[in-house]
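The next block holds one structure in the form of structure tokens; read it before the comments.
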Amino acid sequence: MTRRILLTICFLAFTGAALAAPNFSGNWKINASKSKSGGQFPLPDKFERKVTHTEPNIQVTTVRSGFQGGDDVTQEAKYTTDGKETTNPGFGGSEMKSVAKWDGDALAIQSSASTGNGDFTITERWSLSSDGKVLEVKSKVAGGFGEFETTYVLDKQ
């Protein structure tokens, strides 16, 4: 009987740990020496992201500058991790339609938009280091201009 109780406790503890989703909340800043840009765009001079994550809701404020003329550009986005579509402001007045869902312990976000320059998609994969201090965002952007991939490594501030 005692062995059965012990095995049940161990199983429940293991299952609970396996089901716990990473929490991306925090203020993040690009580590340019560990990040990689692809395609026609260099890494931005500034890339900072504030994430508020209360499962299943994620709110993101990104501030970047550098490759778009030097001025700061702020972008707001909201996602839910349950696979429901969200709509956020996109580039050039467009709307981004996004679906975010867990893929193991990584968050996969698929976004698409139509602009005056054509349609494009962005596929992101967010993963958090085991100590919670590094957020890696791998992105693939595809559209009429071609495809490119970037990896942003962000340090928690």
Looking at region 27-78 only, could you name the residues that are among the charged types (D, E, K, R), assigned to a loop (DSSP other than H, G, I, E, B) and in contact (Cβ under 8 Å) with a residue 24 or more places away in the chain? Lys34, Asp45, Glu55, Asp72
Taking interchain pairs and intrachain pairs at least six residues apart, which have beta carbon atoms under 6 angstrom, with the first residue in region 123-141 and under 19 Å from Thr80 (Cβ atoms) and the second assigned to a strand (DSSP E or B) and charged (D, E, K, R)? Thr123/Lys140; Arg125/Lys138; Ser127/Glu136; Val137/Glu124
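Inside region 111-120, can you point out the residues that are part of a strand (DSSP E or B) and exposed (fewer than 15 other Cβ atoms within 10 Å of the Cβ)? First the steps, then the outcome.
Here is the first cut: in region 111-120, the residues part of a strand (DSSP E or B) are 111-115, 118-120.
Scanning region 111-120 gives Ser114, Gly118, Asp119.
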Would it be correct to say that Gly38 is under 24 Å from Ala100 (Cα atoms) and within 14 Å of the chain's Cα centre (by Cα)? no
Scan region 79-102 and tell me whether some residue there is surrounded by fewer than 13 Cβ atoms within 10 Å (Cβ to Cβ), part of a loop (DSSP other than H, G, I, E, B) and in contact (Cβ under 8 Å) with a residue 24 or more places away in the chain. no
Search result, residues across region 141-157 that are surrounded by 12 or more Cβ atoms within 10 Å (Cβ to Cβ) and either at pLDDT below 90 or not in a strand (DSSP E or B) (or both): Phe145
Within the group Leu107, Leu135, which residue is of a type in the set (A, V, I, L, M, F, W, C), assigned to a strand (DSSP E or B) and within 20 Å of Lys46 (Cα to Cα)? Leu135
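The values are calculated or read from the model by the stated rules, or taken from the named source; none is laboratory data. Since the model is a prediction, treat every value here as computed from it, not as a measurement. Please note: Cβ atoms are built from the backbone with ideal geometry, for glycine as well, and neighbour counts cover all protein chains shown.
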